[in-house]
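We did not get these values from a lab; they are worked out from the coordinates using the rules stated. Just so you know, these numbers come straight off a predicted model, no measurement behind them. In this analysis, Cβ positions are derived from the backbone assuming ideal geometry, glycine residues included, and neighbour counts consider all displayed protein chains.
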Amino acid sequence: MEIPLDELDGVTCADDVIYSQTIDASSELCDAYTLSEALCCPSAASTCSICKGAKLNEDFIVPGTDGKSCGYVAYLAGVYEIGSENCTIYEGTEAFCCPDADTVNSPACYLCGDIDDESLDAVPIPGDATGSTCGDVALLAVMFHESSEECSGLRADYVDSCCPGATDPPISIPSPPPTFSPSPPPTPSFSRYVFSRFVIMNDCIDEISADP
């Protein structure tokens with residue numbers, strides 16, 4: 001599996017395993033490599049991770065994430081601590097990235113009744129001045145169980161405008177949906193991390209090339 005960073009084009013999990021063995025375990029660079037655990041071995045990761053022990057649909061584009069793939073989301077999850085609020089938000093994407101897994105919100109609340117996709121990102125919410133799209137709502141919805149009041153409320157409010165042709169939503173629940181942001185936290189900066197990795201990788205390549 002490739003590491004989904006443009007700056008590391010072609011670098012795979014197997015490459016990370018090889019290069020990481022050349023690094024001091026107490027170094028900052030080792031911490032940078034540890035991020036790969038969330039994508040490459042999520043069940044053993046010491047950080048936040050998604051789809052532990054389940055097949056990751058790495059190329060699926062998660063609605064409400066500005067075009068990020070499940071592979072990219074899985075990798076970024078490693079920036080956050082297990083049990084943190086940000087980790088909880090990332091774990092919600094499991095409904096898209098490993099829908100067959102037994103997760104905390106299974107079966108998840110899919111806004112349009114099936115696994116929603118990136119096409120909802122192009123559907124604006126009528127009358128919304130913030131620029132939110134139906135993709136944002138779909139990402140929020142999967143944070144809840146299909147039979148929850150929150151799911152019923154979201155479907156009642158947004159199915160007509162977001163899901164043409166969808167079946168009638170469940171009976172509306174008077175309580176309003178929660179107000180937290182449905183989008184994952186901002187993408188962290190990897191500039192220093194990427195530079196450091198290139199340094200160590202180039203050193204390794206030079207060393208291998210120099211061997212008789």
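Modelled label-to-label distance, Ser147 and Ser132, 7 Å Cα→beta-carbon offset: nm?
With each label point 7 Å from Cα toward Cβ, the separation is 2.7 nm.
Among 131-139, 50-58, what's the highest-first ranking by average C-beta atoms within 10 angstrom per residue?
Answer by packing, highest mean first, reads 131-139, 50-58.
List Thr88, Thr93 from most exposed to least, where exposure is judged by having the fewest other Cβ atoms within 10 Å.
Going from least to most buried by this count: Thr88, Thr93.
So, in nm, how far is label Asp114 from label Asp9 when the simple model puts each one 7 Å beyond its Cα toward the Cβ?
Spacing of the two 7 Å Cα→Cβ label points: 3.5 nm.
For the stretch 105-151, what is the convex hull (Cα atoms) projected area averaged across all directions, in square nanometres?
Mean projected area for the stretch 105-151: 3.4 nm², to one decimal.
Need one number: nm distance between label points at Ala101 and Ser43, each 7 Å from Cα along Cα→Cβ, rounded to one decimal.
Output for this residue pair reads 1.2 nm.
Non-local amide H neighbours of Thr12 (under 5 Å, H modeled in plane, Pro and chain starts lacking H): which ones?
For Thr12, whose amide H was placed from the backbone, the distant partners under 5 Å are Ile3.
Regarding the stretch 10-74, what are the three Cα extents along the principal axes, ordered largest first, in Å?
Taking max minus min along each principal axis of the Cα atoms, the stretch 10-74 gives 39, 23, 19 Å.
Once the stretch 83-162 is represented by equal point scatterers at the alpha-carbon sites, with solvent omitted, what log10 I(q)/I(0) does the Debye formula produce at q = 0.24, 0.26 Å⁻¹?
-1.16, -1.29
Using only the Cα atoms, work out Rg/Rh for the stretch 1-115, with Rh taken as the Kirkwood radius, to two decimals.
When Rh is taken as the Kirkwood radius, the ratio is 0.99.
Regarding the stretch 78-120, what are the three Cα extents along the principal axes, ordered largest first, in Å?
That works out to 31, 23, 14 Å along the principal axes.
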